[in-house]
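A quick write-up on the structure given underneath.
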Amino acid sequence: LKARIKDIKELNKKLKHKTNPKKPEHISDYLGARISTDTIFQAKMVLSDLNKQIKFIQIDDFLSDTGRAASEYRAIHAQALTKDGFSFELQIRVKELDPLTEKSHTIYKKKKWAEKEYTDAEYNKIVKEEAEINKKLKAKYFEIKDKEFSRLNSKNEVDVPIVIGTRLDENGEIVALTKTARELFEEEAKDQTAMKRLEQCMGW
């Protein structure tokens, strides 16, 4: 478990960025916390347990087969509301993915919050680095997921993998995308909780 306050230098990059400045009220990670787990399943369960105790105003689950849009970045990001009305960003990550996830985030910042205008050669180098990291992240994620499924108790029906789609692996072979019934139930419960909170906010 880690926590940090964003330093002034990093805040100024966003507030004073030449092409993409942010307003102070639009910065979501003045405060940040991170929980690292041993498995993907643990990460999902941590989110589920916290969702019963903390009010989340937004949850982005990139720790999935699809990852983040236009990237292979995989982690869970949630915006939590504090009792005094402030909010902070919570990230839930898998330890084995952390080194590659950090590299992916570093490249993301280079592109999103560039401190200078890149030459074509510099930008092409960043794009190449990003493609290499994405390839490694995708392979590592599915390696971890496959290992987890192999350890599941096949006698328990909620832990039996269910095919929800397909993907192409590194060799161009079609491979099944799977989730367990347990994961699907947890996602459904999370959606129901979010709907109840939305109804309360709308006064329904």
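Quick rundown of the values:
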quantity: PHE185 paired with SER28, simple spin-label distance in nm, labels 7 Å along Cα-to-beta-carbon; calculated: 3.0
quantity: Sequence of LEU31, LEU50 when ordered by accessible area, the most exposed leading, probe 1.4 angstrom; calculated: LEU31, LEU50
quantity: Portion, in percent, of the accessible area of segment 5-77 that falls on carbon or sulfur, probe 1.4 Å; calculated: 55
quantity: Approximate shape of segment 1-154 as ellipsoid semi-axes (Cα gyration tensor, √5λ), whole Å, largest first; calculated: 28, 24, 10
quantity: Candidate lysines for bridging to LYS18, where Cα separation is under 26 Å - those fewer than 8 sequence places away on the same chain excluded; calculated: LYS6, LYS9, LYS103, LYS109, LYS110, LYS111, LYS112, LYS116, LYS125, LYS128
quantity: Per residue accessible area of segment 1-87, 1.4 Å probe, in Å²; calculated: 61
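The values are calculated or read from the model by the stated rules, or taken from the named source; none is laboratory data. This one's a predicted model, so the numbers in the text were calculated from it and none came from an experiment. Cβ coordinates were reconstructed from backbone atoms using ideal geometry, including for glycine residues, and neighbour counts include every protein chain displayed. These accessible areas exclude ligands, DNA and RNA; they are computed on the full protein's heavy atoms, side chains included. Shrake-Rupley method; radii C 1.70, N 1.55, O 1.52, S 1.80 Å.
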